[in-house]
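Undergrad: Dumping the structure here so I can ask a few things about it.
Derivation of every value follows stated rules applied to the coordinates shown; laboratory data play no part. Just so we're clear, the structure is a prediction, and the values are computed from it rather than from any experiment. We place every Cβ from the backbone using ideal geometry, glycine too, and count neighbours over all the protein chains shown.
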Amino acid sequence: MEVKPIADAALGAEVRGVELSRHFEAKIMKGLADALYEHRVLIIKDQKLDKDAYLDFGRWWGTPIPHVLDHMRMPGYPELLAVGNTEEKDKNIEIRNGAALWHTDQSYEQIPASATMLYSILAPRVGGETCFANMVAAYDALDKDTKAEIENLEVAHLYGAGKLLDLEFAANPLKTGDQVERVPACHHPLVMRHPITGRKALYATGQSAFGIKEMEESRAVELLWRLKMHAIQDQFVYAHKYSVGDIAIFDTLSTMHSGTQIDIPDPGVEDTKRLLWRISVRGYPRVYEYLAA
Ligand SMILES: [Fe+2]
């Protein structure tokens, strides 16, 4: 297995020489987990997995989360989502581009995702990138006063309640009262100390962040906005252009990400289809406990 940092990128490494369908050995997983926590995003190249094998791979990273948008779940595979422009649901622009905003998966839930993976099944020739922001580097670059100011702040999160840039899409809408009830507002630290690396990161200043505990609303919104704009500067961001067979896996506690807007496929033009299989997990790789046992 070869792990190579992506040239001139703010974060991320490419992984080659591993066939996940055959090598579910603990030492391979340990190598991948260590690499993920070092580089925050891994692009594992040239994979050929069916849904069951992919889900097995996902389970090595934690417990897969069935998404609150239950109408988005894949039939027969509630922990998988089809993200792209190829399905009937994707004709709806709000669904197709519902991740084209800076966000952190499940930051609107009490226990957020710890990792997400996106497996590229169909990749368009143009566009369809996922942008990743390095929230550790963004935190490190803050001045001393700002670090002191935000150290113990607790951010209030609610699905889709964060302030958006003009270019961002709104979050994929919740469809039912039941879905709204399942994701009441919750709090997370603004400065997250990573449970595995111990490194501090700015956490989830996008999609769901709408307030700060014991802070006046307009001041909180202004501070969250300032930190979001800080974190998504080019110097902290890597945009990944997928090839078919890539599995992008990212540490959601130390990154933020955004999809890019895409049209429905053009029947007259080749390679305009985009399809990613998504798994998000809670918890941490079992491989650490397994090797310690
Ligand atoms: Fe996402």
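Undergrad: Rounded, prolate or oblate, given the Cα gyration tensor of the range 145-195, with a/c below 1.5 counting as rounded?
TA: On the way: a/c = 3.14, a/b = 1.64, b/c = 1.92.
Since a/c reaches 1.5 but b/c is at least a/b, the shape of the range 145-195 is classed as oblate.
Undergrad: Between the range 160-179 and the range 103-130, what is the separation of their alpha carbon centroids in Å?
TA: 16
Undergrad: Can you pull out the trypsin sites (Lys or Arg not before Pro) in the range 114-203 that DSSP calls coil and that have at most 15 other Cβ atoms within 10 Å? Don't skip to the answer; put the middle values down first.
TA: Details: sites: 125, 144, 147, 163, 175, 182, 193, 199, 200; in loops: 125, 163, 175, 199.
Passing both the DSSP loop test and the Cβ count: 125, 163, 175.
Undergrad: Additional query: Can you tell me the dipole magnitude for the chain around its Cα centre, using point charges on the Cβ only (Lys, Arg +1; Asp, Glu -1), in Debye to the nearest 20?
TA: Values: 33 positive and 42 negative charges, 99 e Å.
Here the size comes out at about 480 debye.
Undergrad: Let me ask something else. Of 272, 104, 252, which is the most mobile in a GNM of the chain whose springs link Cα atoms less than 10 angstrom apart?
TA: Most flexible of the set in this elastic network: 272.
Undergrad: So which of 27/48; 45/200; 27/273; 4/48; 51/273; 175/241 end up more than 27 Å apart by C-alpha? Intermediate results must be reported in sequence, preceding the final value.
TA: Values: 27/48 20 Å; 45/200 29 Å; 27/273 36 Å; 4/48 21 Å; 51/273 19 Å; 175/241 30 Å.
Distance filter (> 27 Å) returns 45/200; 27/273; 175/241.
Undergrad: Take the chain, drop everything but the C-alpha atoms, weight them equally and run the Debye formula without solvent; then report log10 I(q)/I(0) at 0.06, 0.07, 0.09, 0.13 Å⁻¹ to two decimals.
TA: -0.18, -0.24, -0.41, -0.89
Undergrad: Using θ = phi - 60° and the Karplus form 6.51 cos²θ - 1.76 cosθ + 1.60, what ³J(HN,Hα) does each residue of the range 220-235 get, whole Hz, x for Gly and Pro?
TA: So the Karplus estimates, Gly and Pro as x, are 5, 4, 5, 5, 4, 5, 4, 6, 5, 4, 5, 5, 9, 5, 3, 5 Hz.
Undergrad: Which one of 107, 218, 208 has the biggest mean-square fluctuation once the chain is modelled by GNM with Cα springs under 10 Å?
TA: Highest fluctuation of the listed residues: 218.
Undergrad: Another question, if that's okay. What is the Cα radius of gyration of the range 198-290 over 2.2 N^0.38 Å, N being its residue count?
TA: Values: Rg = 17.9 Å, N = 93, 2.2 N^0.38 = 12.3 Å.
Normalised Rg, Cα atoms only: 1.45.
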